[in-house]
Structure formats: C-alpha cells, structure tokens
Amino acid sequence: QLRRRSVAFLTARHVSVLLGNVLYSRRSFPFYSFCLTAGFDDDDGAVHVYDAIGSHERVAVACAGVGREMMQPVLDRLFSVARGD
C-alpha cells in the first residue's frame, strides 16, 4: 500500500550516498562519528561503513561501537562459513 502512494523509494545505496554527502560537507569541522547503514537493494542485503569525513565502502558484515573489536571477528567467522569461504 505504501508503494502505491510513494513516488520513489530510498534504497540502501541512496541512504549511503546521502549520509556520505552529509559527513563530507562537514569535513572542516567533522562529526566525530563512524557510521554504519544497512538495508536492502533489489532484494539483496547491503551494509555500508563510513569514516569521520564521509568516505564509505560496501562490506559483507560490519559492526560499530564500543564492542566492535570483540564482535567483528565473530561476525567475519560466522558469515565466511555461511558464504562458503
């Protein structure tokens, strides 16, 4: 029902570009944040990670926050087994 009323949808890629532009526009006085966006692009999961000045990349798995150093290896191991790497 929402699709019928909406003109356009924001995909994960659109949101990632928007956030990258916002962070990059503040590069002289940056927000000290390391952001993460996740969503679906054409029925495929998408995760994007950012640095403080807005450069970003699409990755398979990511986490952010205080427990990042502990959680990232666990996610890498779980999802590498699921992908068959």
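The values are calculated or read from the model by the stated rules, or taken from the named source; none is laboratory data. Just so it is clear, the structure is predicted and the values come from calculations on it, not from any experiment. Glycine also receives a Cβ, built like all others from the backbone with ideal geometry; neighbour counts cover every protein chain displayed. Keep in mind that these areas ignore ligands, DNA and RNA; they rest on the heavy atoms of the full protein, side chains included. Shrake-Rupley method; radii C 1.70, N 1.55, O 1.52, S 1.80 Å.
Given the condition at pLDDT below 80, in contact with a helix residue (DSSP H, G or I) (Cβ under 8 Å, 6 or more places away or on another chain), among the β-branched types (Val, Ile, Thr) and open to solvent by 60 Å² or more (accessible area, probe 1.4 Å), answer yes or no: does some residue in region 68-84 qualify?
Checking region 68-84: not a single residue is at pLDDT below 80, in contact with a helix residue (DSSP H, G or I) (Cβ under 8 Å, 6 or more places away or on another chain), among the β-branched types (Val, Ile, Thr) and open to solvent by 60 Å² or more (accessible area, probe 1.4 Å).
Give the residue that is least open to solvent (accessible area, probe 1.4 Å), with candidates limited to residues of region 31-67 that are of a type in the set (Phe, Trp, Tyr) and part of a strand (DSSP E or B).
Ranking the candidates gives Tyr50 first.
Any idea how many residues of region 18-30 are open to solvent by less than 70 Å² (accessible area, probe 1.4 Å) and within 17 Å of the chain's Cα centre (by Cα)?
Qualifying residue count, region 18-30: 4.
Here are the criteria: (1) over 19 Å from Leu23 (Cα atoms); (2) charged (D, E, K, R); (3) within 11 Å of the chain's Cα centre (by Cα). Tell me which single one Glu57 does not satisfy.
(1)
Can you confirm whether Val17 is at pLDDT 85 or above and either of a type outside the set (A, V, I, L, M, F, W, C) or assigned to a helix (DSSP H, G or I) (or both)?
Spelling it out, Val17 is indeed at pLDDT 85 or above and either of a type outside the set (A, V, I, L, M, F, W, C) or assigned to a helix (DSSP H, G or I) (or both).
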